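Every number here is computed from the coordinates shown, using simple stated rules; none is lab data. Given the structure is predicted, the values throughout are model-derived calculations rather than measurements. Here the Cβ positions follow ideal geometry from the backbone for every residue, glycine too, while neighbour counts run over all protein chains shown.
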Number of protein chains: 2
Amino acid sequence: MEQSTKTRETARTVAPERFTPYSLKESFLQPNTTPLPPERWMAEKFLALSGHPPMALDLWGAERVEPRGDVQAKYTLHVADRSALYELITNPNLAFGDLYSEGRLTMDGHLPDVLTDLYIALDRSYEQLPLFLRFIWRNQAPRSTSLKAAKDNIHHHYDMGNDFYKLWLDKAQMQYTCAYYEEPGISLEQAQLAKLELVCRKLQLQPGETVVEAGCGWGGLARYMARHYDVNVKAFNISREQVEFAREKAREEGIEDRVEYVLDDYRNISGTYDKFVSIGMLEHVGTDHYPELAAVIRRHMKPEGLALVHSIGRNYPMRTNAWIEKRIFPGAYPPSITEFASVAEAGPFSVLDVENLRLHYAETLEDWLSRYEENVATVRAMYGENFVRAWRLYLAGSIAGFRASSLQLFQMVLAHPENNQVPRNRKHLYTSSNVPAEGSY
Amino acid sequence: MEQSTKTRETARTVAPERFTPYSLKESFLQPNTTPLPPERWMAEKFLALSGHPPMALDLWGAERVEPRGDVQAKYTLHVADRSALYELITNPNLAFGDLYSEGRLTMDGHLPDVLTDLYIALDRSYEQLPLFLRFIWRNQAPRSTSLKAAKDNIHHHYDMGNDFYKLWLDKAQMQYTCAYYEEPGISLEQAQLAKLELVCRKLQLQPGETVVEAGCGWGGLARYMARHYDVNVKAFNISREQVEFAREKAREEGIEDRVEYVLDDYRNISGTYDKFVSIGMLEHVGTDHYPELAAVIRRHMKPEGLALVHSIGRNYPMRTNAWIEKRIFPGAYPPSITEFASVAEAGPFSVLDVENLRLHYAETLEDWLSRYEENVATVRAMYGENFVRAWRLYLAGSIAGFRASSLQLFQMVLAHPENNQVPRNRKHLYTSSNVPAEGSY
């Protein structure tokens, strides 16, 4: 009997049987009686090792462990059972997400705020962690992003079903990357279109030019470029569902002669183009493959072309959180700023411009999360409660990551070194607003 | 008997006795007779190994060696004597500059154009060079930039005498760093002031703020900030002549209460400041010391501060040319883009903005060189012909380096990772022109 796609996806994302790999058999302890002294000690230790976040621990309703004297508890973390505490201590990176998804870890307070405070505390504490704990608690290196593996990785996340993403992404172009809130208070739709416009301006698109896009999502940027800048775009993506959606949209908009969506890996790009663009793909490329990406740009961009690479990043190299890597984004790795710039060095290219849109991603995610919550009943009906909680944690955790600066968002513009026709400055990005009027799309 | 400063400086820069370290004793060959067959072969080989630049070699008037068939000779490189050819072949990086300075290597054609074509050819050829030649022709690692050594390095170049630099730097603020030609055709003075204005805007200076500057040259930026933005600036520099000049200027302008010039190393900065700025010092810091510089910024910049670092750079790591390192800029090393970004990673800081002003530096140097030539008689009277030629080559070679992309100019804005009060975008840099009206300064 063939399972439906949706069911398979749910299983892959939050398969409950995988959720307690380190759980102790509870049979040798009375479940959830008053905490034993070592358990109280463990809870205190957990708070200390987490850098003393403003948080109390509630141990299965039987006891409350307050933070140390000088820290005011703003939130309570409820640990549902004794086994959850053990999992949290032995493998916090993975267990935190899994326990939260299963509802065995709950928090009061606004989830993004709680997590932001937690991240800030964790960041402070890391240097103080005993070496053996850094070793035990470490995240694994991200899995392979070879041609073959990349397909599986991308399928895991992006082929979840377009209906799911439609529930909470912008209605204008279904952008699943950082928006650009040029002014405070603009809508998600406006901010996503402003992002597309900013990217086009950075690339200095001219009518009739050719553009190649590596990793095109649901194809919004390619269609925007074709419609607003009259260019021809060839857009690559290895997610079948996204490519089918993108093609359908281009047909609807009557621009299928100017936008071609190719279901293939960026490593198989052919031809030469005036401009190269990649928005939110580098996170899935893996640093080992940056020289390959650089070679692709080098080979397929014309001498006076420009390239734009947009990616989540870090201030310094850091492994992806185990839970995110395992349950949400297999193979994902946001590069540090020097790793990011190494794409340019591998070309070699001249780096013309780098902009950091970190706080714009926090705003984007806040808009996504609030739409997600508005549609949570539908998500629950589609994938069940564990999934609802897992994705809530992922969105809220990402907000916290960008707010607490453990995540950055870099946009970099590159040119061939010998290209002396580069823009004199960045004034042209700001000669008029990048934001469309509300409702004009 | 004490020599005058100028004489000492001249000697240090172009000491003629150091100019022929690899010269063969000419006694065993008749000087400058018709080239021998091996010499003709060497000349051809030199052109080939240089990547076939559009250049013929004239061997002491006795024979002309044309480039290979498909290359049109645009210029002629005159090699004055047989010994010069040997030096050029055995140690081109050092000998080219030395021979040019001594007048034993001359070129027709506009020097920056000749050198640009030569650099482009060299860049193409490097990968094809036999390994043993890459080894023989390699540049040395730059010398130490420790606290003690840095003082000597800086003294060598910057304490040449203010009168010399006054001859060809801008009259507005004596800026010895890349100007910002916001529009084509503006004067050097306008472009230098536009650079200062751009830097102030990138730093978002507010009245009453405190700024610390690492490596302040003749103090122009510090005075500009105090006068135009009403901030208090403490500016560090280890060049005595520059600091004395800067102090005198501040007194003249009546702003000595707001600008303090400190004759000390950036590593001895104390206090905390709203903003940190360093224009054109990183080239002298040395990559080994980047973490120290990062620590200085980390320690002395307030939590919501901003830092700006401006430096010559490269697309990928490359050693400084031997002649430049030896005769012009001891200890100088322009970092590659990842080395440059490693300052941020060492903090750690968030990189907010990177801008590349490469072609602006070519324009700046063109203006400098043309003023230098206007005043060449004065320079000759001060330091002699060898010096005149050495600095002409240095300025023209730098133009060529920036044009041919072997040199870049990066400006980077940094913030503490936890600073969420960073500017939303870079629009504020361009709300009005950065260029003052001609003659308004």
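In plain terms, the residue of B:R134, A:R389 with the fewest other Cβ atoms within 10 Å comes first and the most crowded comes last, giving B:R134, A:R389. Label points for B:W41 are taken 7 Å from Cα along Cα→Cβ. From this copy to the others they lie 8.3 nm apart, shortest first. With Cα atoms defining each centre, segment B:367-401 and segment A:204-226 are spaced 48 Å apart in the structure. When the Cα positions of B:G347, B:H360, B:L393 are compared along the charge dipole of chain B, B:G347 comes out farthest toward the positive end, with charges on each C-beta of Lys, Arg, Asp and Glu. Quantify how strongly other chains surround peptide B:405-417 by giving the mean number of their Cβ atoms within 10 Å of each of its Cβ atoms. So the per-residue partner count for this stretch is 3.
Shown for B:L129: label points 7 Å from Cα along the beta-carbon vector, and their distances to the equivalent points in the other copies, 4.5 nm in ascending order. Ordered by the number of other Cβ atoms lying within 10 Å of each residue's own Cβ, fewest first, B:W137, A:W323 fall into the sequence B:W137, A:W323. Dipole of chain B computed with +1 at Lys/Arg Cβ and -1 at Asp/Glu Cβ about the Cα centre; of B:W323, B:V233, B:T431, farthest Cα towards the positive end is B:W323. Charging the Cβ of each Asp and Glu at -1 and of each Lys and Arg at +1, and nothing else, the dipole of segment B:155-214 about its Cα centre rounds to 60 debye. Residue-normalised convex hull volume from the C-alpha trace of chain B: 159 Å³ per residue. For segment A:417-425, the Karplus equation 6.51 cos²θ - 1.76 cosθ + 1.60, evaluated at θ = phi - 60°, returns couplings of x, 7, 7, 9, 9, 7, x, 5, 7 Hz by residue, with Gly and Pro reported as x. Considering only B:L122, B:N139, B:Y100, the residue lying farthest towards the positive end of the dipole of segment B:79-150 is B:N139, judged by Cα position with unit charges set on Cβ. When only the Cβ of Lys, Arg, Asp and Glu is charged (+1, +1, -1, -1), the dipole of segment A:362-409 relative to its Cα centre reaches about 160 debye. Overall shape: prolate for segment B:57-200, with the ratio a/c of the largest to smallest alpha carbon gyration tensor axis at 1.5 or above and a/b above b/c. Once you reduce segment A:257-325 and segment B:279-336 to the center of their Cα atoms, the two points are 29 Å from each other. The orientation-averaged shadow of the Cα convex hull for segment B:322-398, equal to a quarter of the hull surface, comes to 6.7 nm². Its residue count N fixes a reference of 2.2 N^0.38 Å for segment A:316-358, and the Cα radius of gyration divided by that reference is 1.43. Taking a ≥ b ≥ c as the square roots of the eigenvalues of the Cα gyration tensor, segment A:394-435 is classed as oblate, since a/c reaches at least 1.5 and a/b does not exceed b/c. Taking chain A as a Gaussian network of alpha-carbon nodes connected by springs under 10 Å, the highest mean-square fluctuation of the residues A:E252, A:E325, A:E385 belongs to A:E252.
For the residues B:A346, B:A396, B:A404, a GNM of chain B with alpha-carbon springs under 10 Å puts the largest fluctuation on B:A346. For the protein assembly as shown, taking the reciprocal of the average inverse distance between every pair of different Cα atoms yields a Kirkwood hydrodynamic radius of 30.2 Å.
If the label for A:S146 sits 7 angstrom from Cα along the Cα-to-Cβ line, what are its distances to the same label in every other copy, in nm to one decimal, shortest first? Nearest to farthest, the other copies are at 4.9 nm. The fewest-to-most ranking of B:L133, B:L99, A:L85 by surrounding Cβ atoms within 10 Å reads B:L133, A:L85, B:L99. Rounded to the nearest 20, the size of the Cβ-charge dipole of chain B about its Cα centre is 700 debye, with Lys and Arg at +1 and Asp and Glu at -1. For the options B:Y333, B:Y126, B:Y261, a Gaussian network treatment of chain B with springs between C-alpha atoms closer than 10 Å singles out B:Y126 as fluctuating the most. In this structure the amide hydrogen of B:G305, modeled in the peptide plane, comes within under 5 Å of the amide hydrogens of B:H416, none closer than 5 places in sequence on its chain. DSSP H helices in chain B with Cα extent of 20 Å or more along the helix axis and mean Kyte-Doolittle hydropathy at least -1.0? Qualifying helices, which must be both long enough and hydrophobic enough, are B:111-126, B:188-202, B:385-403. Determine the shape class of segment B:62-146: with a ≥ b ≥ c the square roots of the Cα gyration tensor eigenvalues, call it rounded for a/c under 1.5, and otherwise prolate if a/b is greater than b/c, oblate otherwise. Prolate shape, in that a/c is at least 1.5 and a/b is the bigger ratio. Scaled to the globular estimate 2.2 N^0.38 Å, the Cα spread of segment A:272-426, given as radius of gyration, is 1.19. Taking amide H positions as modeled 1.01 Å from N, with prolines and chain starts lacking one, the residues under 5 Å from B:D170 and 5 or more places away or on another chain are B:Q175.
Note on segment B:253-300: Kirkwood hydrodynamic radius from all Cα pairs is 12.3 Å, rounded to one decimal.
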